[in-house]
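Structure first, then comments.
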Amino acid sequence: MQIGAQFFTVRAFTKTLDDLALSLRKVADIGYKTVQISATCPFEPEWMDEQLKANGLKCVLTHVRDSRLVEDTAAVAAEHDVFGCHYVGLGQYKFRPEEGESVDKFVEIYGPVAKTLKECGKYFMYHNHAHEFRKENGRLVFDQLIERFSPDEMGFTLDTYWVQRGGGDPAQWLEKMAGRIPCIHLKDYGHEQVMLPVGEGNINFDRVFEKAEAGGTKYMLVEQDNCNGEDPFDCLRRSYEFLKAEGFE
């Protein structure tokens, strides 16, 4: 398994192309070889390809705006071809039936997206938060998503922090979702639900690593939505150093 950096962590430093280029270089300087591109300024796919190559990086996953995923699916896939990215992700869906965002609605909207991406040689990935551990019609949303999409149509970017915050065991869910978790998000869980660099909280990452590897995970991407006022690049560095000490690069 290879470790990488999720650029949502440094989104405050990617609002212009110059800043995005600098951030790519800083992440590469930490030692990361792979990245997920998310929540950045707009860029041309050719520009991203050049920047990735210049910094010795590979983009393995993205999060794409829901409107583009739905309205321009084939074009999104073609753009990912340019900078060599296989996994195309959706960052979240609220799953609030009272607001018209039910599991059925999700399947209606994103079923065609998943099929088109598959036809274009890509793989649709859904990233969880805590609300997928609520029940809809008496069953966990997450369980319903697993059943409503076939493994070859949709995978899951399982997020260790959000699973634990939702009341689940990250390792247990990694085991349950084996074969559908090529990419996962690593961030640690601290006192009063604070997000922490990997290794600085209370998630049992030994079990996470064991179950992720057994389940076919290829990329473990460090993400820290909230760095609690600390430098996000320093947080990424501390996570990298912990993971490297555990034998990952």
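Considering segment 195-235, and only residues there that are within 19 Å of the chain's Cα centre (by Cα) and farther than 25 Å from Glu175 by Cα, the residue that is surrounded by the fewest Cβ atoms within 10 Å (Cβ to Cβ) turns out to be Asn226. Reported count of residues in segment 46-70, each being of a type in the set (Val, Ile, Thr) and outside any strand (DSSP E or B), is 2.
Could you please let me know if Thr62 is of a type in the set (Ser, Thr, Tyr) and over 30 Å from Gly167 (Cβ atoms)? Criteria not met by Thr62.
Arg68 passes every criterion in (1) in contact with a helix residue (DSSP H, G or I) (Cβ under 8 Å, 6 or more places away or on another chain); (2) in contact (Cβ under 8 Å) with a residue 12 or more places away in the chain apart from (2). Taken across segment 82-101, residues that are at pLDDT 95 or above, in a loop (DSSP other than H, G, I, E, B) and of a type in the set (Val, Ile, Thr) do not occur at all. Can Arg139 be described as basic (Lys, Arg) and under 25 Å from Leu221 (Cα atoms)? No; evaluated as a whole, the condition is false for this residue. Under 6 Å between Cβ atoms, which residue pairs at least 6 apart in sequence (or on different chains) link something in segment 230-249 that is assigned to a helix (DSSP H, G or I) with a partner that is small (Gly, Ala, Ser)? If the second residue must be small (Gly, Ala, Ser), the pairs left are Leu236/Ala5; Tyr240/Gly31; Phe242/Gly199. Of all the residues in segment 126-146, those that are under 20 Å from the mean Cα position of the chain (by Cα), surrounded by fewer than 17 Cβ atoms within 10 Å (Cβ to Cβ) and in a loop (DSSP other than H, G, I, E, B) number 1. Output the residues belonging to segment 110-125 that are surrounded by 16 or more Cβ atoms within 10 Å (Cβ to Cβ) and not in a helix (DSSP H, G or I). Within segment 110-125, Cys120, Lys122, Tyr123, Phe124, Met125 meet the criteria. Scanning for something at pLDDT 95 or above and at positive phi, does segment 204-214 turn up at least one residue? No, every residue in segment 204-214 fails to be at pLDDT 95 or above and at positive phi.
The values are calculated or read from the model by the stated rules, or taken from the named source; none is laboratory data. This one's a predicted model, so the numbers in the text were calculated from it and none came from an experiment. Quick reminder, even Gly has a Cβ in these numbers, built from the backbone with ideal geometry, and neighbours come from all protein chains shown.
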